[in-house]
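Accompanying notes for the structure given below.
Please treat every number below as a calculation from the coordinates, not as lab data. Because the structure is a prediction, the values reported are computed rather than measured. Every residue, glycine as well, gets a Cβ built from its backbone with ideal geometry; the counts of neighbours run over all protein chains shown.
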Amino acid sequence: MLWDLREWSGEAASPSELAKKAGVKLSTVSGAVARLVSGGYATHTPYGTIELTDVGESCALVMVRRHRLLETFLVETLGYRWDEVHEEADALEHAASDMMIDRIDALLGHPEADPHGDPIPHADGTLPETHSIPLTHAPQRTIVRIDRVSDEDPQLLRYLDQQGIGIGSEVLIGARPPRSHATTIIARHDPTSATTTPLEDPIALDAEAGIQIRVTPTGTSVDSPENRRS
């Protein structure tokens, strides 16, 4: 969980942030952090953030690899939807043997990313590079490609699926109100035909949803489809 928080925020987490994410009391987290520190997996200074040591980082990557390979296996082989696999993988990742994980990896053809677009660590502990940015940071009136969606919000995953938006989809972001981090998707873009089709019902995403989606701007800015029709 420490690794996940840092991956999405870009910063080490504090005990209070960890408690909020885990949905437990701060005292519970404090005890867990103390055990991580005593075991050599993390460092923590009073009132500061929690940093993984090299040993802790290696252990975290092993579990992340297991989790994301299991999610991929559940979707591609067992027919789960992408909003159904997070809790299943949480339950399985501690029970599966190293041999099973390696065989799943081979069976799937050594995938680089899971169904949510999250990079899967390699067996040697290295992680595929990603350069995507939060949807909330993407320039307005720009076409972006959806690269990643957090697996921890099944409601958001189901909503995007219902809207026909998934990993690899290209969409046009509308104008944002001043000082707002909300994002509205106003059109779909087909890179093959280079056509942009306005949505009858734009997709409004608040800031909380926006930070759970990672995108890559395609470098194409487009006037609002509504403006082009006028």
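Put +1 on the Cβ of every Lys and Arg and -1 on every Asp and Glu Cβ in the range 1-121; which of 58, 77, 33 then has its Cα farthest towards the positive end of the dipole? Ranked along the dipole, the leading option is 33. Each listed q (0.11, 0.19, 0.20, 0.23 Å⁻¹) maps to a log10 I(q)/I(0) for the range 133-229, found by the Debye formula over equal Cα scatterers with no solvent: -0.27, -0.86, -0.96, -1.29.
Close amide H contacts of residue 141 (hydrogens built in the peptide plane, cut-off under 5 Å, sequence separation of 5 or more or a different chain): 173, 174, 175.
The slack between residue 22 and residue 204, meaning 0.36 nm per residue of separation minus the straight C-alpha distance, is 62.8 nm.
Express the relative contact order of the chain as a whole percentage, based on alpha carbon pairs under 8 Å and six or more residues apart in sequence. Averaging sequence separation for qualifying contacts and normalising by length gives 15 percent for the chain.
The Cα-based radius of gyration and maximum Cα-Cα distance (Dmax) for the chain are 19.6, 66 Å.
What the Cα atoms of the range 2-52 give is an Rg and a Dmax of 10.0, 26 Å. Charged side chains reduced to their Cβ positions (Lys and Arg at +1, Asp and Glu at -1) give the chain a dipole of some 720 debye around its Cα centre.
Computed from the C-beta positions of residue 94 and residue 130 and an R0 of 30 Å, the FRET efficiency is 0.70 to the nearest 0.05. In terms of packing, defined here as the mean over residues of other Cβ atoms within 10 angstrom, the peptides 72-80, 189-197 line up highest first as 72-80, 189-197. Between residue 193 and residue 103, the simple label model (points 7 Å from Cα in the Cβ direction) yields a spacing of 4.6 nm.
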